[in-house]
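Presented below is the structure to which this report refers.
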């Protein structure tokens, strides 16, 4: 009997510890206090981070209306991008800058719930404070949309949001994959690839629980849409030189003048609007991959 | 009687199989060749735009003229219904080409517009090639985004 009670106590403690460990952890409300946002610089962050590539309406002509609706199939269900336009009711117009930062960097909603990692906060977790406030300043210049968000089509057990807390314990950290001190160009490239542009989300294979296998970083993966492969970017597989990579990111043309297709089209549209230095930085980082 | 029905059914099945296994290899070769011609000429213009090939007005103009010529190829015979990647091997052409044919043709027209833009400026100087290449790249991507399956 005593042993039994002891076991129950242990079970309760473990459950409580688990509940504690998997709780949503927003940033403190004053995390970005004292920083002034610059909308013009925020536009660069917006383009590099590819916000509109997923949150614009399907086949929208104006990619700045972030009304949501694109569908993303996965092994865990279909996620539908929500409206994140500045509309106060249907979008995120009522949020504070700190809530925006918590969503991006912690994957936590203003109501204190975990977001599903279809939203690439594991990459955005590495976003710099200044870039977050600049992005939020740019956000205020975007048009509002009153299109309601649609619920995700995710079945049990993945419908239990607490489970995402376990997933975060396993896969979320702020360490660079390509570690160490880099020269300014490679460092900028690393920041663009690993944090803002979240290239790893498609170009790195995933484990059984859907987390990125960083030991095979950017080594290619099956296309989540079910058909075809997302190509590897590692130098053993991608033979393009740095200039060719940068030109591809600018125009969408491969070295043999085939062109980008699929979701990469949206990436190239954004990267074509960045500076030549930023495209060269990404190319330098990719060429230096292990 | 039973035998006749059986023979009829067999004949019908054979005809149906024949229809499924229709040979589109010539169509596939033609349209893939068309894209190859485009790629070769885009390569000349892109190489000059990037400074990898010395700029030469006449060569640039001929490449641009060729792109325009390709844009005038009537797409109908190259893209018969049933030659999509769900029905035959050796193609990445998605069924949306036929399901949303107006969109596909509009995007093909977009390539024609971009090629005509290049044709206007190709002989005017090296610095005009970059922006015109950007528009051509945009036209290619627009269609590949929607109507071409990933590798």
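Within the stretch A:220-242, work out how many residues are more than 18 Å from the chain's Cα centre (by Cα), under 25 Å from residue A:280 (Cβ atoms) and either in a loop (DSSP other than H, G, I, E, B) or at pLDDT below 95 (or both).
Adding up the residues that qualify gives 11.
Can you name the residue in the stretch A:249-279 that is more than 12 Å from chain B (Cβ to nearest Cβ) and assigned to a loop (DSSP other than H, G, I, E, B) and is also surrounded by the most Cβ atoms within 10 Å (Cβ to Cβ) among such residues?
Checking each candidate, the answer is A:274.
Identify, from the list A:290, A:205, the residue that is closer than 30 Å to residue A:166 by Cβ, touching a helix residue (DSSP H, G or I) at 6+ places or on another chain (Cβ under 8 Å) and surrounded by fewer than 22 Cβ atoms within 10 Å (Cβ to Cβ).
Of the residues listed, the single one that is closer than 30 Å to residue A:166 by Cβ, touching a helix residue (DSSP H, G or I) at 6+ places or on another chain (Cβ under 8 Å) and surrounded by fewer than 22 Cβ atoms within 10 Å (Cβ to Cβ) is A:205.
If you go through the stretch A:36-49 one residue at a time, do you hit one that is part of a loop (DSSP other than H, G, I, E, B) and farther than 30 Å from residue A:138 by Cα?
Checked against the condition, which is being part of a loop (DSSP other than H, G, I, E, B) and farther than 30 Å from residue A:138 by Cα, the stretch A:36-49 yields no hits at all.
Please verify whether the stretch A:169-179 includes one or more residues that are modelled with pLDDT under 95, out of contact with any helix residue (DSSP H, G or I) (no Cβ under 7 Å at 6 or more places or on another chain) and within 14 Å of another protein chain (Cβ to nearest Cβ).
no
Mind checking whether some residue in the stretch A:215-224 is farther than 19 Å from residue A:265 by Cβ, touching a strand residue (DSSP E or B) at 6+ places or on another chain (Cβ under 7 Å) and either more than 11 Å from chain B (Cβ to nearest Cβ) or surrounded by 21 or more Cβ atoms within 10 Å (Cβ to Cβ) (or both)?
No - not one qualifying residue is present in the stretch A:215-224.
Can you give me the ranges of the helices (runs of 4 or more DSSP H) entirely in the stretch B:89-151 with at least 2 residues that are modelled with pLDDT of 95 or more and away from chain A (no Cβ under 12 Å)?
B:96-99, B:101-121
Go through B:69, B:39, B:63 for me and flag whichever is closer than 20 Å to residue B:112 by Cα, outside any loop (DSSP other than H, G, I, E, B) and away from chain A (no Cβ under 14 Å).
After applying the criteria, what remains is B:69.
Residues being more than 14 Å from the chain's Cα centre (by Cα) and under 15 Å from residue A:248 (Cβ atoms): count how many of those fall in the stretch B:121-136.
3
Scan the stretch A:229-238 for residues that are in contact (Cβ under 8 Å) with a residue 24 or more places away in the chain and facing chain B (nearest Cβ under 8 Å) and jot them down.
A:230, A:231
Just give me the residues in the stretch B:118-145 being farther than 15 Å from residue B:41 by Cα, crowded, with 20+ Cβ neighbours inside 10 Å and out of contact with any helix residue (DSSP H, G or I) (no Cβ under 6 Å at 6 or more places or on another chain), in sequence order.
Correct list: B:144 only.
Given the structure, is residue A:246 assigned to a helix (DSSP H, G or I), buried (at least 18 other Cβ atoms within 10 Å of the Cβ), away from chain B (no Cβ under 13 Å) and in contact (Cβ under 8 Å) with a residue 12 or more places away in the chain?
In short, no.
The values are calculated or read from the model by the stated rules, or taken from the named source; none is laboratory data. Keep in mind that this is a model prediction, so the values were computed, not measured. Glycine also receives a Cβ, built like all others from the backbone with ideal geometry; neighbour counts cover every protein chain displayed.
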